[in-house]
Amino acid sequence: ILERRIAKTTKTARMDKSAAKELALLERIKAHLEEGKLAKSFTTDDEDEQLWLNGYNLLTYKPVIFAANVKEDELADDGAGNAGVQAVREFAASEDSEVFVVCAEIEQEIAEL
């Protein structure tokens with residue numbers, strides 16, 4: 001999406017200051033993504049840039065929910081004693097995301113009813 005938008009905006013940026021500003025934003029976002037970062041961690045204080053960013057519909061700009069699968073007996077305490085769940089929670093917190101703890105075995109049994 002970004003590369004196509006950069007190509008399109010490059011053509012008009014020479015004559016349009018707004019397009020030049022958008023092109024600069026696109027290149028900064030692209031560099032941010034190439035560093036392995038999510039688009040939602042990209043920040044800007046400029047209102048125009050924020051509107052453009054919202055309009056690009058980038059996949060990594062959308063909210064993320066992580067699912068952590070636990071055993072049935074670990075479900076009661078929301079996986080608090082599970083090291084794997086704690087690792088997922090820490091990672092999710094660093095990405096400003098949420099964690100949903102589930103027992104897939106119970107879900108499968110319910111689905112089979």
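Every read-out reported here was derived from the displayed coordinates using simple, explicitly stated rules and does not represent laboratory data. Keep in mind the model is a prediction, meaning the values are calculated, not measured. As a convention, Cβ positions derive from the backbone with ideal geometry for all residues, glycine included, and neighbour counts pool all protein chains shown.
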Report summary line: Total charge of the residues flanking Leu53 in space, meaning their Cβ is under 11 Å from its Cβ, with Lys and Arg +1 and Asp and Glu -1, is -3
Query - Radius of gyration and maximum dimension Dmax of the chain, Cα, Å - result: 20.4, 65
Requested in this report: Would you kindly state the longest site-free stretch of the chain, with sites defined as GluC sites (Glu not before Pro) in a DSSP loop (not H, G, I, E, B) surrounded by at most 16 other Cβ atoms within 10 Å?
Outcome: 36-94
**Report entry** Using θ = phi - 60° and Karplus 6.51 cos²θ - 1.76 cosθ + 1.60, couplings along segment 97-113 (whole Hz; Gly, Pro as x)
**Finding:** 10, 10, 10, 10, 8, 9, 10, 4, 4, 5, 4, 5, 4, 5, 5, 7, 5
Query raised in the report: What is the spread of the Cα atoms of segment 2-61 along each of their three principal axes, largest first, in whole Å?
Result: 32, 22, 17
Query raised in the report: Around Ala68, which amide H atoms from residues at least 5 apart in sequence, or from another chain, sit under 5 Å from its own amide H, with H modelled in the peptide plane?
Result: Phe100, Val101, Val102
Report summary line: CD proxy, 222 nm, the chain: helix-only mean residue ellipticity via -39,500 (n - 2.57) per DSSP H run with n ≥ 4, per residue, nearest 500, stands at -17000 deg cm²/dmol
Query raised in the report: Pairing the Cα long axis of helix 83-94 with the longest principal axis of the chain, what angle in degrees results, from 0 to 90 and rounded to the nearest 10?
Result: 20 degrees
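Within segment 10-92, list the trypsin sites (Lys or Arg not before Pro) lying in a DSSP loop whose Cβ has at most 10 other Cβ atoms in a 10 Å radius.
Of the trypsin sites (Lys or Arg not before Pro), the ones in loops of segment 10-92 whose Cβ has at most 10 other Cβ atoms within 10 Å are Arg14.
Which entries of Lys11/Lys37; Lys17/Lys37; Lys8/Lys30; Lys40/Lys71 have Cα-Cα distances beyond 26 Å here?
Values: Lys11/Lys37 28 Å; Lys17/Lys37 28 Å; Lys8/Lys30 15 Å; Lys40/Lys71 32 Å.
With Cα atoms farther than 26 Å apart: Lys11/Lys37; Lys17/Lys37; Lys40/Lys71.
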